[in-house]
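First the structure, in the form of structure tokens, and then the observations on it.
The values are calculated or read from the model by the stated rules, or taken from the named source; none is laboratory data. All figures in this text were calculated on a predicted structure; none of them were measured in a lab. Virtual Cβ from ideal backbone geometry, glycine too; neighbours counted across all protein chains shown.
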Amino acid sequence: MNKKLKKDFYKRELLTVAKDLLGKIFVFEDKRINKKLKAKIVEIEAYDGSIDEAAHTFIGKTERNKIMFEEGGFLYVYFTYGKHFCANVVTGNKEQGTAILLRAMEPISDLKIFSERRFKKTNLSEKEKINILNGPAKICEAFNINRDQYGIDLTANEIYLLEAPKISEENIITTKRIGIKKSIDLPWRFYIKDSQFVSRK
């Protein structure tokens with residue numbers, strides 16, 4: 001049985017945690033529907049407010065980003081473009097202001113629920129199955145993650161990550177982050193080389 005990741009996993013250096021998140025299993029025990037939803041993390045982006053203008057913590061602590069200044073192991077959820085939620089894993093030590101955006105996942109359980117939430121139907125084409133979790137807003141829509149999940153402790157029992165075999169360096173692609181306009185040259189996007197569920201190759 002896969003073990004839940006502990007606090008020490010998240011409190012390490014940002015890029016180390018970022019690469020190690022690949023392949024891990026994201027679990028949401030959603031009491032609202034009495035289901036345990038699962039997906040495998042296949043793509044992430046790292047953000048560090050101390051040097052990174054694209055990070056929400058670059059401007060300092062605010063009501064919106066304050067959970068990012070806690071120690072690693074919390075979920076930072078934010079609302080963007082007036083319609084989408086995105087979820088991030090907080091890393092490092094207290095006041096560090098680092099986090100990792102969950103960019104794409106491979107569905108493991110309850111494809112029917114993900115399908116209904118994303119496409120309002122369950123009979124999906126192959127392309128739709130691949131697209132179901134291949135973007136940060138798509139992940140939150142499929143899992144129904146919103147402001148209610150802001151600040152959740154990832155070592156507790158609602159949303160957590162499970163151990164999985166480490167993805168080897170040769171199977172990790174490193175690129176610049178996408179969809180941002182600042183600090184665009186930082187090579188802080190990582191994804192699993194052979195995954196068809198990645199948002200963009």
TODO: For the stretch 106-128, name all the residues that are hydroxyl-bearing (Ser, Thr, Tyr) and under 16 Å from Lys36 (Cβ atoms).
DONE: Ser109
- [ ] Considering only the stretch 71-98, state which residues are within 14 Å of the chain's Cα centre (by Cα) and part of a loop (DSSP other than H, G, I, E, B).
- [x] Gly72, Gly73
- [ ] Name the single residue, out of those in the stretch 102-116 being more than 18 Å from the chain's Cα centre (by Cα) and not hydroxyl-bearing (Ser, Thr, Tyr), that is modelled with the lowest pLDDT.
- [x] Asp110
Open item on the list: Can you pull out every residue in the stretch 177-187 that is at pLDDT below 95 and not small (Gly, Ala, Ser)?
Closed with: Arg177, Ile178, Ile180, Lys181, Lys182, Ile184, Asp185, Leu186
Task: Candidates Ile145, Ile152, Ile167, filtered to the one that is at pLDDT 95 or above, within 14 Å of Tyr191 (Cβ to Cβ) and not acidic (Asp, Glu) - done: Ile167
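Residue-by-condition table, conditions (1) touching a residue at least 40 places away in the same chain (Cβ under 8 Å); (2) farther than 27 Å from Ile132 by Cα; (3) of a type in the set (Gly, Ala, Ser):
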{"site": "Tyr47", "(1), (2), (3)": "yes, no, no"}
{"site": "Asp52", "(1), (2), (3)": "yes, yes, no"}
{"site": "Tyr76", "(1), (2), (3)": "yes, no, no"}
{"site": "Glu95", "(1), (2), (3)": "no, yes, no"}
{"site": "Ile100", "(1), (2), (3)": "yes, no, no"}
{"site": "Arg103", "(1), (2), (3)": "yes, no, no"}
Task: Top-ranked residue of the stretch 176-201 - restricted to ones that are assigned to a loop (DSSP other than H, G, I, E, B) and of a type in the set (Ser, Thr, Tyr), ranked as surrounded by the most Cβ atoms within 10 Å (Cβ to Cβ) - done: Ser195
Open item on the list: If I go through the stretch 23-65 residue by residue, how many of them are closer than 16 Å to Phe190 by Cβ and surrounded by fewer than 21 Cβ atoms within 10 Å (Cβ to Cβ)?
Closed with: 3
Task: Filter result (crowded, with 20+ Cβ neighbours inside 10 Å and aliphatic (A, V, I, L, M)) within the stretch 78-112 - done: Ala87, Val89, Val90, Ala99, Ile100, Leu101, Leu102, Ala104, Met105
- [ ] Tell me which of these Met68 doesn't satisfy, since it passes every other one: (1) of a type outside the set (D, E, K, R); (2) assigned to a strand (DSSP E or B); (3) buried (at least 22 other Cβ atoms within 10 Å of the Cβ).
- [x] (2)
- [ ] Please give the number of the condition Ala18 fails out of (1) under 18 Å from the mean Cα position of the chain (by Cα); (2) surrounded by fewer than 19 Cβ atoms within 10 Å (Cβ to Cβ); (3) within 18 Å of Arg189 (Cα to Cα).
- [x] (2)
